[in-house]
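Single-structure report; data block below.
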Amino acid sequence: MFNAKAYSATSATSPLAPTMIARRDPRENDVQIEILFCGICHSDLHYSRNEWSDIMPTVYPCVPGHEIVGRITKVGSAVTKFKAGDLAAVGCMVSSDGTCPACKEGLEQFCPNYVLTYGSPDKNLGGVTYGGYSDSIVVDEHFVVSIPSNLDLGGAAPLLCAGITTYSPMRHWGVTKGKKVGIVGLGGLGHMGVKFAHALGAHTVVFTTSASKVEDALRLGADEVVLSNDASQMQKHAGSFDFILDAVSANHDINAYINLLARDGNMTLVGAPQKPLSLSSFGLILARRSVSGSPIGGIAETQEMLDFCGKHNITSDVEVIAIQQINEAYERLLKADVKYRFSVDMASLKSK
Ligand SMILES: NC(=O)c1ccc[n+]([C@@H]2O[C@H](COP(=O)([O-])OP(=O)(O)OC[C@H]3O[C@@H](n4cnc5c(N)ncnc54)[C@H](OP(=O)(O)O)[C@@H]3O)[C@@H](O)[C@H]2O)c1
Ligand SMILES: [Zn+2]
Ligand SMILES: [Zn+2]
């Protein structure tokens, strides 16, 4: 066991603050990673403030962070994929049982026994797992992926959650050239959704509540931008979408978007607001539409997504911050004032 520097929250109302945490010494299949950048996901905020108390109550102290890139400093004796000095990345999961049908299909995100990067029971050290707001982490190599060498590291970190969470449902629902695709909410997830939909060749439409983001949406790859609080702009798209990805972090009217789907169209929710959303059955019934959800993605697909990003030169548009600015960054997330992901330069944690 060794000590690592970290930032933690000790209650739903306390700000994140410096702390020390224990990490295990690498076992034979583990790699130890010096964390260089960690993205800030809105899930980190939901979790640290116990907003998902009905589904997964927060265990304090909590150390969020699941968009991790870094350099490997040590490898266990049985590690085959990596060596010390390699760049590597870790997303939202650090373990699973490896034996269930989901794991056998490479869909670890559906394993009933997966271990999330933060907030899951830690079988090795007791307590719960601690995430990437830290200077290091120790992870089984199966849950560690490689970053294409052409990608900027600060901008690559958010691919590990915002990237895979938007890439995976688009692949599942067949987003491709000739399809009309909507992205709701231009935040961390949404802006990655725009980049992927555009790179996959779809006609991409962004729905935003922020008039100030219209130009950025076009620059990021949108073909059209709709201000979602303008009913007449919404009405022009009625019944026309093959697929809509909803990446909104707060309560909002999803029925307005369901009515924009074509017959048999699908809307996938990746946003995870604190309270249940209301759903009108008529929007679904009248055109055999469907609504579904999607969690992150498996390890193989995460590597596929990173390779796709390497090939298409895709990274997140990041505002790099010091860890000391994290509480301010959380407040800005709540105001939808993010362009378009915060990425923490972990060198800042060393300096204090
Ligand atoms: N399914 C999964 O596996 C998974 C993975 C990661 C994250 N998530 C969840 O996905 C959601 C988005 O995460 P994120 O990190 O992308 O968040 P984010 O960067 O804060 O972006 C959320 C965006 O939603 C829009 N929005 C915010 N409040 C709104 C409101 N009251 N009404 C309408 N639109 C609003 C804003 O976009 P505009 O300014 O464009 O309107 C905002 O930028 C969170 O709930 C997060 O927990 C789920
Ligand atoms: Zn996340
Ligand atoms: Zn499993």
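The values are calculated or read from the model by the stated rules, or taken from the named source; none is laboratory data. All values reported here derive from a predicted model rather than from experimental measurement. All Cβ positions, glycine included, derive from the backbone under ideal geometry; neighbour counts span all protein chains shown. Protein only, heavy atoms only, side chains kept; ligands, DNA and RNA dropped before computing areas. Shrake-Rupley method; radii C 1.70, N 1.55, O 1.52, S 1.80 Å.
Does Gly98 satisfy the criteria of being modelled with pLDDT of 95 or more and closer than 18 Å to Ala4 by Cα?
Details: modelled with pLDDT of 95 or more: yes; closer than 18 Å to Ala4 by Cα: no.
So Gly98 fails the test.
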Return yes or no: is Ala222 on the phi < 0 side of the Ramachandran plot, at pLDDT 95 or above, surrounded by 17 or more Cβ atoms within 10 Å (Cβ to Cβ) and part of a loop (DSSP other than H, G, I, E, B)?
yes
Please work out if Val63 is under 21 Å from Leu349 (Cα atoms) and either of a type in the set (A, V, I, L, M) or open to solvent by 50 Å² or more (accessible area, probe 1.4 Å) (or both).
yes
Contact list please: Cβ distance under 9 Å, first residue in segment 223-248 and in contact (Cβ under 8 Å) with a residue 12 or more places away in the chain, second residue surrounded by fewer than 14 Cβ atoms within 10 Å (Cβ to Cβ) and aliphatic (A, V, I, L, M), pairs at least six apart or on different chains.
Leu227/Ala211
Do any strands (runs of 3 or more DSSP E) lying entirely in segment 250-352 carry at least 3 residues that are among the hydrophobic types (A, V, I, L, M, F, W, C) and either open to solvent by 30 Å² or more (accessible area, probe 1.4 Å) or within 20 Å of Ile40 (Cα to Cα) (or both), and which ones are they?
318-322
Filter segment 41-60 down to the residues that are of a type in the set (A, V, I, L, M, F, W, C) and modelled with pLDDT of 95 or more, then identify the one that is nearest to ligand 2 (Cβ to nearest atom).
Cys41
Provide a single number: the residues in segment 228-246 that are outside any loop (DSSP other than H, G, I, E, B), in contact with a strand residue (DSSP E or B) (Cβ under 9 Å, 6 or more places away or on another chain) and surrounded by fewer than 16 Cβ atoms within 10 Å (Cβ to Cβ).
1
Out of curiosity, is Ala9 crowded, with 21+ Cβ neighbours inside 10 Å and in contact with a strand residue (DSSP E or B) (Cβ under 9 Å, 6 or more places away or on another chain)?
yes
Kindly indicate whether any position in segment 68-76 is surrounded by 17 or more Cβ atoms within 10 Å (Cβ to Cβ), in contact (Cβ under 8 Å) with a residue 60 or more places away in the chain and touching a Cys at 6+ places or on another chain (Cβ under 7 Å).
yes
For the structure I just gave you, tell me whether Val214 is assigned to a helix (DSSP H, G or I), away from ligand 2 (no atom under 16 Å from the Cβ), aliphatic (A, V, I, L, M) and more than 18 Å from the chain's Cα centre (by Cα).
yes
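Of the residues that make up segment 100-110, is at least one of a type in the set (S, T, N, Q), within 16 Å of ligand 3 (Cβ to nearest atom), out of contact with any Phe, Trp or Tyr (no Cβ under 8 Å at 6 or more places or on another chain) and open to solvent by less than 30 Å² (accessible area, probe 1.4 Å)?
yes
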Go through Val79, Val90, Val115, Val144 for me and flag whichever is under 20 Å from the mean Cα position of the chain (by Cα), more than 16 Å from ligand 2 (Cβ to nearest atom) and either crowded, with 16+ Cβ neighbours inside 10 Å or more than 18 Å from Ile299 (Cα to Cα) (or both).
Val144
Assess whether Val184 counts as being more than 16 Å from ligand 2 (Cβ to nearest atom), touching a residue at least 60 places away in the same chain (Cβ under 8 Å) and open to solvent by less than 30 Å² (accessible area, probe 1.4 Å).
yes
Would you point out the residue of segment 96-110, among those that are under 18 Å from the mean Cα position of the chain (by Cα) and farther than 16 Å from Asp140 by Cα, that is farthest from ligand 1 (Cβ to nearest atom)?
Leu107
Based on this model, can you work out whether Thr176 counts as of a type in the set (Ser, Thr, Tyr) and out of contact with any Phe, Trp or Tyr (no Cβ under 6 Å at 6 or more places or on another chain)?
yes
